[in-house]
Amino acid sequence: MTTSNTRGASGRRAYHHGNLRDELLVTAEKVLREEGVEQVTLRDLARRAGVSHAAPSRHFPDREALLVALAATGYERLGRAVIRATEEAGDDFDGRLRAFATAFVRFAIESPALVDVMFTSGKGVGSAALQEARSVLYDTFGSLVEEGLGRRSLRRLEPDRLKPLIIATMQGVAAFAAAGSLPAEAVDSLIEDACSLFII
């Protein structure tokens, strides 16, 4: 595909290749990981991409829209990770729950700043991509919980109480590990112990 590379008076490219949106998201995640969410700005991303300050607005009207899109990409990756993990675990429910928990915690340990954005962005913001990406993750988890309850393999709590309780527990394990309060070699044991709180 042919793209324009016209430069304005400032020397910056007035237009960019067709992958500017993806480039902005990749760079935003890098800044988020290395410098923190406060440093993620459209102006800085435009500078890093070598485009005009207005160019990012073609894809993200404001910073919140960028963070919502970043959160959606995080949910998409996490969704793929937990689906792959639970499928590879086979038919044993206990193994499937532990595989889900391990994939969830490992993702959160590797990308703590992104997970923070995932769980805090998009409140009240209508983003079909974000909602869809969230749904993949939570539908997968919800089906797993319903399966466990159906098999009488999980504590007998209402699903609406049990689901957030398990997720909150796994987030706590991840936060504890990411903060350096837990040796790396102890993470799997703690995940195992956490799952044992719910499995009967």
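The values are calculated or read from the model by the stated rules, or taken from the named source; none is laboratory data. The structure displayed is predicted, hence computed values, not measured ones. Neighbour counts run over all protein chains shown; Cβ positions are idealised from the backbone, glycine included. Surface accessibility is based on the protein's heavy atoms, side chains included, excluding ligands, DNA and RNA. Shrake-Rupley method; radii C 1.70, N 1.55, O 1.52, S 1.80 Å.
Data table
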read-out: Cα long-axis angle, helix 159-178 against the chain (0 to 90 degrees, to the nearest 10); value: 70 degrees
read-out: Estimated distance in nm for a label pair at Ile200 and Thr27, the labels positioned 7 Å out from Cα along Cα-to-Cβ; value: 5.4 nm
read-out: Projected area, mean over directions - the chain, Cα convex hull, nm²; value: 13.4 nm²
read-out: The chain - percent of accessible surface contributed by carbon and sulfur, probe 1.4 Å; value: 50 percent
read-out: Amide proton proximity set for Ser52, modelled H, under 5 Å, gap of 5+; value: Arg13
read-out: Per-residue SASA entry for Ile167, accessible area with 1.4 Å probe, Å² rounded to 10; value: 20 Å²
read-out: Solvent exposure, largest accessible area first (probe 1.4 Å, DNA, RNA and ligands not counted), of Asp188, Asp94; value: Asp188, Asp94
read-out: Whole-Hz ³J(HN,Hα) from phi, Karplus 6.51 cos²θ - 1.76 cosθ + 1.60, for region 63-74, glycine and proline x; value: 5, 4, 4, 5, 5, 5, 5, 5, 4, 4, 5, x
read-out: Where Rh is the Kirkwood radius over Cα pairs, Rg/Rh for region 32-101; value: 1.23
read-out: Calculated [θ] (222 nm, deg cm²/dmol) that DSSP helices of n ≥ 4 give over the chain, each run adding -39,500 (n - 2.57); value: -21500 deg cm²/dmol
read-out: J(HN,Hα) series, region 37-46, from Karplus relation 6.51 cos²θ - 1.76 cosθ + 1.60, nearest Hz, glycine and proline x; value: 5, 4, 8, 7, 9, 5, 5, 5, 5, 4
read-out: Surface per residue (accessible, 1.4 Å probe) for the chain, Å²; value: 53 Å²
read-out: Span from the region 123-200 Cα centroid across to the region 25-61 one, whole angstrom; value: 31 Å
read-out: Top of Arg77, Arg96, Arg152 by mean-square fluctuation, Gaussian network on the chain, Cα under 10 Å; value: Arg152
read-out: Angle between the chain longest axis and helix 20-35 axis [Cα atoms, degrees, rounded to 10]; value: 60 degrees
read-out: Cα gyration tensor category, rounded, prolate or oblate, for region 88-144 with a/c compared to 1.5; value: oblate
